[in-house]
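A.B. asks: I'd like to ask some things about the structure below.
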Amino acid sequence: MDTTSTTETGKEVPTVDTRVTRLLGIKYPIIQGAMAWIADGRLAAAVSNAGGLGIVACGSAPLSWVKEQIDLVRSLTDKPFGANIMLMNPEAPELAKLLADEHVPVITTGAGSPSNYIGMWKEAGCKVIPVVASAALAKRMERCGVDAVVAEGCEAGGHIGELTTMALTPAVCDAVSIPVITAGGVGDGRGMAAAFALGGEGVQVGTRFLTAFECGIHEDYKKKVISAKDADTIVTGRNNGHPVRQLKNKFSRDIRKMEADSTATLEEIEAALAGSLHRAVVGDVDNGSMMSGQVACLVHDEKSAQDIVADLMREACAWSAFDLQQMADRNAQRAWRA
Ligand SMILES: Cc1cc2nc3c(=O)[nH]c(=O)nc-3n(C[C@H](O)[C@H](O)[C@H](O)COP(=O)(O)O)c2cc1C
């Protein structure tokens, strides 16, 4: 199923040919998830140069910043890359046009349906991949003519839906014929192999890239991700319909208290949330929102984007080469890494 290629560092990395690698023109079926305030041109270019697909997150940044980051990626790599729009952003229409004008090779979208923009993007030659949290939305997106979908389970960091990756990936695969990329909880080769076992033809990874050398978040945020245990994330925003997964800290506990307090107004909560991810990104790990997925508990180190991609590929290909009996035997020995 896999063939082997060699990275610039001389290490052998197995590759796998999927509809996702062919669609996007990439070597490995690994997409770096968009991360607002975090996924800039430098990180995106590093992942694309590593053979995956790097994505610039537009978040709520000014259009001029987005244009700069697109120029930066293009100056650092000649490989395909993408950009992501969060559709609840009031500037989404202007951003959508900018990405079309720039002929960004791949556009991913979060938090809703991009149906109004798909025609413009396709005309500009962009591949369109919405992130979905239900099979119903995936079906609707397929009818609108998108190229693939990312099925993102609620283990993921940032804005999330209700369903777990384990239930959502096969449900979406059964609902659509276009390629499905699994996101949420993929942090090592076991997770990647599991995503393929569930029906995925690629993975989107966010949290694992938070501690890439090329990721510009503050070292204190990175340290919190590296030291996180399995129960160290918390979801805020369930009351207002915008649930967000992040690491537990003073900020997230305060927000949860406000949400439980019937005297706190929605406006007060929104004021407390404003700018909270950015505060964490620049190092305020007490009063900022350190968005992160549950899979932070499997992230133990800082390493290059290239090593993250190569290790995911090596581990996933090795693990998926075993049959169930061999997996069971290795699991008994806690020896899943081949
Ligand atoms: C800090 C952070 C910020 C994120 N921001 C965005 C975003 O701006 N747009 C988006 O579509 N998804 C966003 N996500 C989701 C990721 O793109 C990705 O789908 C998710 O992290 C995958 O799950 P994982 O965290 O378990 O790897 C964010 C995730 C994190 C951790």
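A.B. asks: Quick one: pull the percentage of alpha-carbon pairs in the range 133-207 with a separation above 14 Å.
C.D. replies: Percentage above 14 Å: 51.
A.B. asks: Okay, moving on. If you line up the Cα atoms of the range 183-338 on their principal axes, what length do they span on each, largest first, in Å?
C.D. replies: Each principal axis gives a Cα extent; for the range 183-338 these are 57, 30, 28 Å.
A.B. asks: Compute the distance in nm between two label points, each set 7 Å from the Cα along the Cα-to-Cβ direction, one at Asp71 and one at Ala318.
C.D. replies: According to this spin-label approximation, the distance is 4.4 nm.
A.B. asks: Would you please give the FRET efficiency between Asp286 and Thr164, computed as 1/(1 + (r/R0)^6) with r the Cβ-Cβ distance and R0 = 22 Å, to the nearest 0.05?
C.D. replies: 0.15
A.B. asks: Taking R0 as 22 Å, what's the FRET efficiency between Glu267 and Glu91 from their Cβ-Cβ distance, rounded to 0.05? Each step should come with its number before you reach the end.
C.D. replies: Working: r = 21 Å, r/R0 = 0.98.
The calculated FRET efficiency here is 0.55.
A.B. asks: Nearest 20 debye, what's the magnitude of the dipole of the chain about its Cα centre given +1 on Lys and Arg Cβ and -1 on Asp and Glu Cβ?
C.D. replies: On the way: 33 positive and 41 negative charges, 83 e Å.
Charge dipole of the chain: 400 debye, to the nearest 20.
A.B. asks: Also, I was wondering about something else. Would you mind pulling out the separation of the Cα centroids of the range 61-102 and the range 264-300, in Å?
C.D. replies: Each part's Cα centre sits 24 Å from the other's.
A.B. asks: From the phi angles alone, apply the Karplus equation (6.51, -1.76, 1.60; θ = phi - 60°) to the range 27-33 and give each ³J(HN,Hα) in whole Hz, x where the residue is Gly or Pro.
C.D. replies: Once θ is set to phi - 60°, the couplings for the range 27-33 become 7, 10, x, 10, 10, 7, x Hz.
A.B. asks: Of the listed pairs Lys223/Lys250; Lys27/Lys127; Lys27/Lys223; Lys224/Lys303, which have alpha-carbon separations greater than 26 Å here?
C.D. replies: Lys27/Lys223
A.B. asks: Okay, moving on. Roughly how compact is the range 220-295, stated as its Cα Rg over 2.2 N^0.38 Å to two decimals? Each step should come with its number before you reach the end.
C.D. replies: On the way: Rg = 12.0 Å, N = 76, 2.2 N^0.38 = 11.4 Å.
Its radius of gyration relative to the 2.2 N^0.38 Å reference: 1.05.
A.B. asks: Skipping prolines and chain starts, which residues have an amide H placed within reach, meaning under 5 Å, of the one on Val150, given they are 5 or more residues away or on another chain?
C.D. replies: Val131, Val132, Ile181
A.B. asks: Amide H neighbours of Thr15 under 5 Å, counting only residues 5+ apart in sequence or on other chains, H built in-plane at 1.01 Å?
C.D. replies: Residues meeting the criterion, in which the H sits 1.01 Å from N, are Thr3, Thr4, Ser5.
A.B. asks: May I ask for the equivalent-ellipsoid semi-axes of the range 1-128, computed as the square root of five times each C-alpha gyration tensor eigenvalue and listed largest first in whole Å?
C.D. replies: 27, 16, 12
A.B. asks: From the mean inverse distance of alpha carbon pairs (Kirkwood) and the Cα radius of gyration, derive Rg over Rh for the chain.
C.D. replies: Details: Rg = 19.1 Å, Rh = 20.0 Å.
Ratio of gyration radius to Kirkwood radius for the chain: 0.95.
A.B. asks: Take peptides 131-142, 273-284 and line them up by average Cβ neighbours within 10 Å, highest first, as a rough protection proxy.
C.D. replies: Ranking, from highest mean packing down: 131-142, 273-284.
A.B. asks: Using a Gaussian network model of the chain whose springs link C-alpha atoms within less than 10 Å, name the residue from Arg245, Arg208, Arg190 with the highest mean-square fluctuation.
C.D. replies: Greatest mean-square fluctuation among the candidates belongs to Arg190.
A.B. asks: Comparing Gly119, Gly187, Gly288, which has the greatest mean-square fluctuation in the GNM of the chain with Cα pairs linked when under 10 Å apart?
C.D. replies: Answer for the Gaussian network model of the chain: Gly119.
Where a number appears in this text, it was derived from the coordinates with a stated rule and is not lab data. If you're wondering where the values come from, they're calculated on a predicted model, not measured in any experiment. For neighbour counting, all protein chains shown are included, and Cβ atoms are generated from backbone atoms with ideal geometry for every residue, glycine included.
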